[in-house]
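A short write-up of the structure that comes next.
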Amino acid sequence: MISVNNRGFLEIPIEEFVISAEKVAHVQLGNNAEHALLVLTKTGYSSIPVLDMRYRLKGLISAQQITDEILGLAHIEYERLSSIKVEDIMKSDLATIHINDKFQRGLDLLVDNPYVCVVDDEHTFLGILTRRVILKQMKKYLYQSQA
Ligand code: AMP
């Protein structure tokens, strides 16, 4: 059992750990699945956010959702990619975190998600909080508390 003497870090606002929206690859409502697959393949990310014209978060799209959609009985129907819209196959039931939330909520959410999208009161997309960033911080706090 790991025991941490100082649990103060759980109260730190997540804001300072957020990868800001301009650094996050995304697609927009109305984009087709071919474009989304290109972005996903080029960046190497497993999924990326889907935003509307006003930068509000609408969903997440992954390469797996796209390939599932074009998987025919006998072959993969690549020719359908350009006619499928991201909003028809994206996941819209998402866990999100508010920019003013604390480290503890981030930690809880990242147990089940490799990253969570960060939003404000209007659901505007502000960036992402990733498991990697939170784990790095945890490591720092744990090693400090042992010293
Ligand atoms: P990481 O913890 O850095 O491995 O990131 C976990 C996941 O977060 C990746 O697989 C992506 O789906 C997403 N992600 C991380 N960084 C970015 C980024 N700059 N743009 C879009 N998605 C990202």
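Coordinate-derived values only; no laboratory data. The structure presented is a predicted model; accordingly, all values stated were derived computationally and were not measured. Every residue, glycine as well, gets a Cβ built from its backbone with ideal geometry; the counts of neighbours run over all protein chains shown.
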Taking region 102-147 and keeping residues in contact (Cβ under 8 Å) with a residue 24 or more places away in the chain, over 15 Å from L10 (Cα atoms) and more than 10 Å from the ligand (Cβ to nearest atom) leaves V118, V119, E122, H123, T124, F125, L126
Only one residue in H26, H98 is within 16 Å of the ligand (Cβ to nearest atom), surrounded by 14 or more Cβ atoms within 10 Å (Cβ to Cβ), in contact (Cβ under 8 Å) with a residue 12 or more places away in the chain and of a type outside the set (V, I, T). Which one? H26
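One line per residue, one yes/no per condition, for (1) more than 16 Å from the ligand (Cβ to nearest atom); (2) on the phi > 0 side of the Ramachandran plot; (3) touching a Phe, Trp or Tyr at 6+ places or on another chain (Cβ under 9 Å):
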position: E11; (1), (2), (3): yes, no, yes
position: L40; (1), (2), (3): no, no, no
position: P49; (1), (2), (3): no, no, yes
position: Y55; (1), (2), (3): no, yes, yes
Does region 79-86 contain any residue that is within 16 Å of the ligand (Cβ to nearest atom) and in contact (Cβ under 8 Å) with a residue 12 or more places away in the chain? yes
What number of residues within region 72-88 are under 19 Å from the mean Cα position of the chain (by Cα) and either on the phi > 0 side of the Ramachandran plot or surrounded by 18 or more Cβ atoms within 10 Å (Cβ to Cβ) (or both)? 1
